[in-house]
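Have a look at the structure below, then the notes.
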Amino acid sequence: MIVTDQPEELRHLLDEARHAGKRVGLHPTMGALHGGHRSNVRQMAAECDTAAVSIFVNPLQFGPSEDFDAYPRSLEADLAQAEEAGAHIVLVPSNRAMLGCDPVVSVHVGRLSEVLEGPRRPGHIDGVATVVTKLLSVAGPCWAYFGEKDFQQLVVVRRLVSELLLPAVVVGCPTVREPDGLALSRRNASLSDDERRAAPALYWSLLAGKRLVEEQSARGPEQVRAAMLAAAAREALLELDYAEVVGPETLRTPPAITGEVRLLAAGRVGRTRLIDNVVASPGEA
Ligand code: AMP
């Protein structure tokens with residue numbers, strides 16, 4: 001596995017691979033790799049000939065109340081996991097290499113950043129969009145792997161690629177969960193034992209909504225939302241931030257559930273903020 005801190009070297013290596021007729025994949029991460037990232041890299045390595053991972057703790061995507069300096073950094077363990085999962089190249093660029101010293105250009109995302117995580121994490125979505133645009137520009141034509149775990153981010157990246165005419169095919173990867181349903185996240189490590197026991201309630205509340213849509217043919221988003229809120233309220237340690245029923249591309253609540261929707265929720269367990277989502281398809285048993 002080749003490890004480089006030079007974006008130009010990644011571009012050169014991927015150009016060579018493409019010239020040799022290889023299919024190239026990129027999985028952007030912020031490091032602190034876990035089983036979710038490993039699964040995404042394994043999928044990428046199975047579907048592509050050359051699998052590249054980027055590890056960059058993006059300062060632009062931290063909201064005003066979020067601590068960039070406290071973000072866990074574990075490069076050696078990350079590289080071992082990336083290699084074990086099948087990565088061929090890892091880019092670990094410096095802030096300077098990715099952002100320059102006095103940036104004046106950024107990518108602004110309209111409507112899709114006005115809902116869900118957007119208002120709660122000011123600057124976050126534009127920060128993600130700006131750095132993803134740079135990474136995809138450095139990588140060149142590729143298959144780009146993003147987790148469904150961060151569903152709004154996946155939707156934004158799809159729109160970004162389509163509207164900015166970036167030469168990437170965006171691939172959504174399924175969310176990897178603990179046996180009790182909790183989605184893997186670096187944030188899970190901050191939970192106390194009691195909080196860890198409470199945390200899967202976020203996922204279970206989504207499942208309550210999904211059951212209503214898929215098994216009881218509920219078609220009213222408000223009814224589904226109420227079921228998610230009620231389920232979440234049963235766990236005293238979970239302080240729900242939002243639970244929403246939205247169209248999978250618009251991220252807006254439809255007047256009625258007539259096709260596939262996404263159920264998304266966020267909440268705090270103690271001081272740890274968790275997000276999760278599931279698909280719900282009416283008509284499926
Ligand atoms: P991050 O390092 O948090 O920026 O995440 C890098 C990528 O991994 C993003 O595309 C995430 O959506 C994805 N990811 C995070 N958690 C999971 C998970 N539990 N299962 C699958 N993918 C995930």
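Every number here is computed from the coordinates shown, using simple stated rules; none is lab data. This structure is a prediction, so every number in the text was calculated from the model and none was measured. Ideal geometry is used to build each Cβ from the backbone, glycine not excepted, and the neighbour counts take in all protein chains shown.
General remarks:
- Complete set of residues in the range 105-164 that are of a type in the set (A, V, I, L, M, F, W, C), within 11 Å of the ligand (Cβ to nearest atom) and not in a helix (DSSP H, G or I): ALA144, PHE146
- Of all residues making up the range 7-19, the number that are over 24 Å from the mean Cα position of the chain (by Cα) and under 21 Å from ALA80 (Cα atoms): 2
- With respect to the conditions (1) more than 15 Å from the ligand (Cβ to nearest atom); (2) touching a helix residue (DSSP H, G or I) at 6+ places or on another chain (Cβ under 8 Å), ASP69 lacks only one, and its number is (2).
- Considering the range 212-232, and only residues there that are part of a helix (DSSP H, G or I) and out of contact with any helix residue (DSSP H, G or I) (no Cβ under 8 Å at 6 or more places or on another chain), the residue that is farthest from THR253 (Cα to Cα) turns out to be GLU214.
- Test: residue in the range 53-60 that is under 23 Å from LEU154 (Cα atoms), surrounded by 14 or more Cβ atoms within 10 Å (Cβ to Cβ) and in contact with a Lys or Arg (Cβ under 7 Å, 6 or more places away or on another chain): yes
- Flag if GLU114 is of a type in the set (D, E, K, R) and over 23 Å from ALA266 (Cα atoms): no
- Candidate set: the range 165-178, residues that are over 12 Å from the mean Cα position of the chain (by Cα), surrounded by fewer than 17 Cβ atoms within 10 Å (Cβ to Cβ) and within 13 Å of the ligand (Cβ to nearest atom); chosen: the one farthest from CYS142 (Cα to Cα): GLU178
- Qualifying residue in the range 114-130 (condition: surrounded by 20 or more Cβ atoms within 10 Å (Cβ to Cβ) and among the acidic types (Asp, Glu)): yes
- Checking the range 182-201 against the condition returns a match, with at least one residue being of a type outside the set (A, V, I, L, M), under 26 Å from VAL131 (Cβ atoms) and touching a helix residue (DSSP H, G or I) at 6+ places or on another chain (Cβ under 8 Å).
- Unmet criterion (only one of (1) outside any loop (DSSP other than H, G, I, E, B); (2) surrounded by fewer than 18 Cβ atoms within 10 Å (Cβ to Cβ); (3) charged (D, E, K, R)) for ASP78: (2)
- Filter pass, LEU26 being within 14 Å of the ligand (Cβ to nearest atom), touching a residue at least 12 places away in the same chain (Cβ under 8 Å) and part of a strand (DSSP E or B): yes
- Of the residues making up the range 103-117, one or more are under 23 Å from ASN40 (Cα atoms) and in contact (Cβ under 8 Å) with a residue 60 or more places away in the chain.
- Of all residues in the range 233-285, those satisfying the criterion of being under 18 Å from ALA201 (Cα atoms), in contact with a helix residue (DSSP H, G or I) (Cβ under 9 Å, 6 or more places away or on another chain) and of a type in the set (Lys, Arg) are ARG234, ARG262, ARG271, ARG273.
- Check on ASP5, farther than 25 Å from PHE68 by Cα, surrounded by fewer than 20 Cβ atoms within 10 Å (Cβ to Cβ), away from the ligand (no atom under 13 Å from the Cβ) and touching a residue at least 40 places away in the same chain (Cβ under 8 Å): no
- Qualifying residue in the range 238-251 (condition: assigned to a loop (DSSP other than H, G, I, E, B), surrounded by fewer than 21 Cβ atoms within 10 Å (Cβ to Cβ) and of a type in the set (D, E, K, R)): yes
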